[in-house]
Structures are given as structure tokens and as C-alpha cells.
Amino acid sequence: MQESIGNGIVNATNFSFQAEQPSQPPRRYVKSEETLAPTTKESSSIYHFYKILSNDSYTLGKKVADFIKDFGMNYRNIEESVSLLPSMIESILRMTEETVQSFLCEFNYGKNEAKNLLPYCRMSVEKYLFEKLYHVIFPIYQFKNKASIERFNSIRETYFGSLYTIGDILKSLEISNKFWLLLPENEETTLKAKLSKVRETEIPYLAAVDELDKLDKLRNPKDKISSLLMFESMMRSCVVDFYHGKMELRSMDDELPLIIFLIFISKLQNLSADLNFLEHYLAAGEAEYDQEQRLITNLKVSIDYIVHELSLIHISEPTRLLSISYAVFCLKKKKIILPLEFLSHRST
């Protein structure tokens, strides 16, 4: 059995790519592959790999289908599977590596379309596997982090249902006034209004919050990490934009209370589970993820603070020293090196 893929012929039994006869004209969408925009090339490549991975009439497609089926059976008991974390992440990454090696061995490197597709191979395979298995994986992380998730949502609902304002939260975290990015009349915007009229009120850092809120809709770790990095970038960009490039966030002492604030006013329901999931993913990978791990640590510290500290105090009381000292404790525990300017500030 053979199937035409792009400009080549796929042999279903051994998954090898062979050159077409010269008399056969190349397909129009392959012919222009090299001139495609990067985003178009990426989406086109993902489609090509998905078409192969999802076809169980191919040897490789059958192997992937069997792995997905067995994975679902092995981890069907959510409560028991918690004790097996993070082995399930490691097994997906191993399967990703095996599948990538199959592609690399079988592709004909002399063919232009193979050269164009291969840079997106690992990303496509990993994305395919995690998205196929997300419905199995994520409920296990939700169950593991159930207490934290319920506590976080309960505390947030309490404040959203009260008359506390955005200004109250900003003051309680002792966020510097210059980073409020609020006009005076907007300081009294209630937290409830944040949910009901988010587009009609001038809530600070909306672009960052919107990016953070995307996390619940994403189904593979790399997309989630990219969204978190974009959230951090947008948080900083909001300050730069507000002050027309004349001021920026420079230290963790300024950033961490803002992260706490933005998590608090976001719509996320399962952030603790997401961060635990991403922690295991980063730890299982071979690449260095220093920036990503630092950001996830900051987010975990922020959730821990809301869950364990915020509910113990009155919202009008200054809490920043408590939040920062708690954050330092957590970061040191994880052996994260703090920025020099942060350490200098805390020592004065």
C-alpha cells in the first residue's frame, strides 16, 4: 500500500520516502514550501506529521495508536495514578524520542520537502501525543492538587463576592503606586466588576491577565509554557507602555507582588495542577529551562501565598514583607538564585 505525501511516496509497510518519477508534477502547496511564512510552514508541517501519526495503517501510526491506547488503560485509575507521577510524562517523552528517530531514519534527506518538515518533527510529535493524552494526564494532576485548587478558588470567590476593590488588593500587597497603572477613579473598581465588566473597566495589566487566562484552554506543555512566558512579557510590557518606555519592572521585589495580584484577578481554576504538570515536564526534559523554571517557581510561590497567607490577614493590612519573605524561603528551598538587585534591596 502506498500513499502520496507531498512530493514523495510513502510506503505503508516500512514508512520509507521515495522520490516520485520525474514525469509527475509536484503538488502546488509543496512546490512553494520554501517560500512560505514561518507560521504557515509550521502549521503545514504539523499537518503533515499529524496525517502520518494518526494513520494506523502505517507501522509507525499503529505503534503510536497502541501507545495511546495502552497509556489510557495504564492510568485509568486517577487516585492510584497519582503515586506514579511523573513517570507518565517521562514515558510520553520517551515515545516522542522513539517516534522522532523513526522519522529521521526513514525520511529521504535528499528531498526538499523532508528538509523543510524535519525541523518541526519533534515539536509535532510531542504536541500530538500530549494533546491525545491530556484528558488522561490532567485529571490526575487535578486530583493531586485538589486541596490547593479548592482553597485557592474559595479564597478568591470570597474576595470577589465582597466589596473589596482593586485598589484594596494593590495596597494590601504594597505594590508601588507607580506600578498600579490606574487612574484615580478606577481604584475603586470592585473585584466583582473584574469578572462582569472586564472589557468595560480599566483594570491594570489586562493584556497580561488575558494571556494568563489562556492556560486552561491549552493541552500540551510547550504551549502552556509559551503562554506563561508571554504573560510575564506582557506584564512587563504594560509598565513600559503606560510610561512610554521611561519606566520598567527591574526586580523580583516589584514583580512578585504583581504576579500574586494578577493570578488573583485571573479566571484560572486549575493553576496549581498546571504548574505541577509543567514542573514535571521541565524536569523530565534534557534541555535547560532556567527561565521557565524560575517563572514557574514564582507562580507557585504566588499561589502558596494566596492559599496559606492571604486568608489569615485582613485585606487592608500591608502584607508585602510577608509575601516577599515567604517567596524568598520557597525560592531558596528550590535552590533558585535570586537577582542581585533583589538581594541588595533585601539586605538594606
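Packing here is the average count of other Cβ atoms within 10 Å per residue, and on that basis the peptides 65-76, 171-182, 125-136, highest first, run 125-136, 171-182, 65-76. Placing R0 at 30 angstrom, the Cβ-Cβ distance between residue 293 and residue 39 gives a FRET efficiency of 0.65 after rounding to 0.05. Label separation (residue 97 vs residue 248): 3.8 nm, computed from points 7 Å beyond Cα along the C-beta direction.
Converting phi to 3J(HN,Hα) with the Karplus coefficients 6.51, -1.76 and 1.60 and the offset θ = phi - 60°, the range 58-73 yields 8, 4, 5, x, 5, 4, 5, 4, 5, 4, 4, 5, 5, 4, x, 6 Hz in sequence order, with x at every glycine or proline.
Counting only protein heavy atoms and using a 1.4 Å probe, the accessible area of residue 256 comes to about 0 Å².
Our coupling estimate for the range 121-136, obtained by passing each phi through the Karplus curve with A = 6.51, B = -1.76, C = 1.60 and θ = phi - 60°, is 5, 4, 4, 5, 5, 4, 4, 4, 5, 5, 5, 5, 10, 4, 5, 8 Hz, Gly and Pro reported as x. Put simply, the amide H of residue 174, placed in the peptide plane, has neighbours under 5 Å in 319, 320, leaving out anything fewer than 5 places away on its chain. The count of lysine pairs in the range 210-267 with alpha-carbon distances below 19 Å, taking only pairs 8 or more places apart or on different chains, stands at 5. Scalar couplings 3J(HN,Hα) for the range 216-228, obtained by applying the Karplus form with A = 6.51, B = -1.76, C = 1.60 to θ = phi - 60°, are 5, 8, 8, 10, 9, x, 5, 5, 5, 5, 4, 5, 5 Hz; x denotes Gly and Pro.
The values are calculated or read from the model by the stated rules, or taken from the named source; none is laboratory data. It should be emphasised that the depicted structure is a prediction, and the values quoted were computed from it without experimental measurement. Positions of Cβ are generated from backbone atoms using ideal geometry, with glycine treated the same way; all protein chains shown enter the neighbour counts. Surface areas here come from the heavy atoms of the whole protein model, side chains and all, with no ligands, DNA or RNA. Shrake-Rupley method; radii C 1.70, N 1.55, O 1.52, S 1.80 Å.
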